[in-house]
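Input: a single structure, listed below in structure tokens.
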Amino acid sequence: MAIAPILKKAYWSLAIAGGIYIVFLLFLLNGWVQRQALYAHNVPTVWWHDPNKPEQFGFLKNQVHPFYIDTPDGENLFAWHILPLSSYIANENALIKEGTSSWEDFATSTAFKLLADDPESRLVINFHGNAGTIAQGWRTDTYRMLTSGPVEKLHVVAVDYRGFGYSTGSPDEKGLIVDGVAAVRWALDVAHIPAERIILLGQSLGTAVATAVAEHFVVNEEIEFKGVVLVAGFSDLPTLMTTYAIGGIIPILSPLRSYPFLQQIFARNIQETWFTARRLANLVRKSKNVALRIIHSQNDFEIVWTHSNTLFTVAANATIDKGLTEKDIDTLKDHHDRGEYGWTNSWMTVKEDGGRISIKQDIVRHGGHNRITTYPMIVRAIASVFSLGEPS
Ligand SMILES: *[C@@H]1O[C@H](CO)[C@@H](O)[C@H](O)[C@H]1NC(C)=O
């Protein structure tokens, strides 16, 4: 007799949860709601930290310089320039004397000169994932690792997309690509760093931006970067949405797994598609030389690592005019099992015109979705793209 009320209670809880989920889904058909969920840029993290005070995040005085990048459509993007630690130490007296860095004086600062006037400086332009700011979570650890690592004179520029942190505007796919292009234009035209000294690094949503930006420059301006590094990427948004869970916890379309028809309806209604696999294939096809690094962890609960397999396969396939099957690529790629580390795949092609294509993939066991960006496989990938040596 005591069981019935409990069942009844369970039934009602389920019904209520199901009802809330259906309302959530209906809301998700709306483009504005979709953008809020996808970009999560309104999560107000600047309330409890201030990206205008980089020392709050453990940097040395004036090691990081905040500044703004203007976009051609009138937005102002908040950005950070992070000095390589070795350059900082060598120039510490001059840097400290400049007082508190403010974005107005960046162009005349010692930090800017160390980036722009040194013919050996190298630059990583970092495109972060959704939510928060350039100073969010593990992101600052990534900059610290890159600028303290084995790559000499490696500077980092990190940028907040429109609508994030102190940047103006509100995000959408087209706008984020404009922002990424503007950040690169700043590096090329203002800091005068040639593309062969620039690597684009993206994580999560940032992989979609980095790929679209690299494709833009190859297709429209015949400019090729030294490399593109994609961490925890995804093939496209409609596919991702069928498995994605916000923060690895709140599922979006995966509860509809048993109803592929319903999943399709929602997937088709996603307005921001971010067809990254397609862009990546085009990038590889149009480039003379490509160095692509694809990294993903198996315990990434937000974006399942198989997305990075799609990216690898599509990129490798694009090196062969007539195309290959997935099975061909599986057989032909150079595969190494690295035990507890995970495994690596690589694909090297020399094009008829002498261009070299190097695509490498690390599927690691550990690192999750975000923390992986602080792990040494990232800096190692960047070192290898700058040809600092790496075993096959
Ligand atoms: C490879 O590319 C060709 C077109 O060149 C396409 O028909 C084929 O489906 C692709 N294969 C894979 C595995 O993506």
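Values quoted throughout were computed directly from the atomic coordinates according to the rules given, and no laboratory measurement underlies them. As the structure is a prediction and not an experimental result, all values here were calculated from the model. Don't worry about glycine lacking a Cβ; one is built from the backbone with ideal geometry, like all the others, and counts go over all protein chains shown.
Results, tabulated for the structure shown:
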item: Whole-number D in µm²/s for the chain (Stokes-Einstein; Kirkwood sum over Cα pairs; 20 °C, 1.002 mPa s); result: 97
item: Label-to-label distance, nm, for residues given as Arg285 and Val190 (7 Å Cα→Cβ offset); result: 3.5
item: Val33/Ser387 FRET efficiency (R0 51 Å; Cβ-Cβ; nearest 0.05); result: 0.65
item: Sum of side-chain charges, Gly367 neighbourhood, beta-carbon under 14 Å (Lys, Arg +1; Asp, Glu -1); result: -1
item: Estimated Rh, the range 204-247: Kirkwood, alpha-carbon pairs, angstrom; result: 11.7
item: Share, in percent, of DSSP beta bridges within the range 37-385 that are antiparallel, nearest 5; result: 50
item: Diffusion coefficient, µm² s⁻¹, Stokes-Einstein with Kirkwood Rh over alpha-carbon pairs of the range 142-266 at 25 °C and 0.890 mPa s; result: 148
item: Per residue convex hull volume, Cα atoms of the range 247-301, in Å³; result: 133
item: Spacing of the two label points (7 Å from each Cα toward its C-beta) at Lys351 and Asn42, in nm; result: 4.4
item: Efficiency of FRET between Ala15 and Gln271 - r from beta-carbon atoms, R0 45 angstrom, step 0.05; result: 0.90
item: Two-decimal Rg to Rh for the range 179-236 - Kirkwood Rh, Cα set; result: 0.96
item: Once exposed loop chymotrypsin sites (Phe, Trp or Tyr not before Pro) are cut out (DSSP; at most 15 other Cβ, 10 Å), longest piece of the chain; result: 49-300
item: Extension gain from Phe261 to Thr306, taking 0.36 nm per residue of separation minus the Cα-Cα distance; result: 13.9 nm
item: Estimated vicinal HN-Hα couplings, Hz - the range 227-239 in sequence order (Karplus 6.51, -1.76, 1.60; Gly, Pro = x); result: x, 10, 10, 10, 10, 6, x, 9, 6, 6, 6, x, 5
item: Positive minus negative residues near Thr142 (Lys, Arg vs Asp, Glu; Cβ under 15 Å); result: +3
item: Rg/Rh (Cα only; Kirkwood hydrodynamic radius) as it applies to the range 260-392; result: 0.99
item: Tail fraction, Cα-Cα pairs, the range 163-206, threshold 13 Å, whole percent; result: 64
item: Estimated distance in nm for a label pair at Asp117 and Arg371, the labels positioned 7 Å out from Cα along Cα-to-Cβ; result: 4.3
item: Reachable lysines from Lys61, criterion Cα separation under 16 angstrom, eight or more residues apart if same chain; result: Lys53, Lys97
item: Fraction of the pair-distance distribution of the range 39-146 above 17 Å, Cα-Cα pairs, percent; result: 56
item: Proximal lysines relative to Lys360, as straight alpha-carbon distance under 30 Å, when same-chain residues fewer than 8 apart are discounted; result: Lys153, Lys174, Lys226, Lys286, Lys288, Lys322, Lys327, Lys333, Lys351
item: FRET efficiency, Val23 to Asp141 (Cβ-Cβ, R0 30 Å, nearest 0.05); result: 0.20
item: Kirkwood-based shape ratio for the range 29-100, expressed as Rg/Rh from alpha carbons; result: 1.13
item: Rg followed by Dmax, in Å, when the range 108-189 is reduced to its Cα trace; result: 13.7, 37
item: Span-rule helices in the chain, defined as complete DSSP H runs reaching 30 Å or more along the axis (Cα) with Kyte mean at least 0.0; result: 3-28
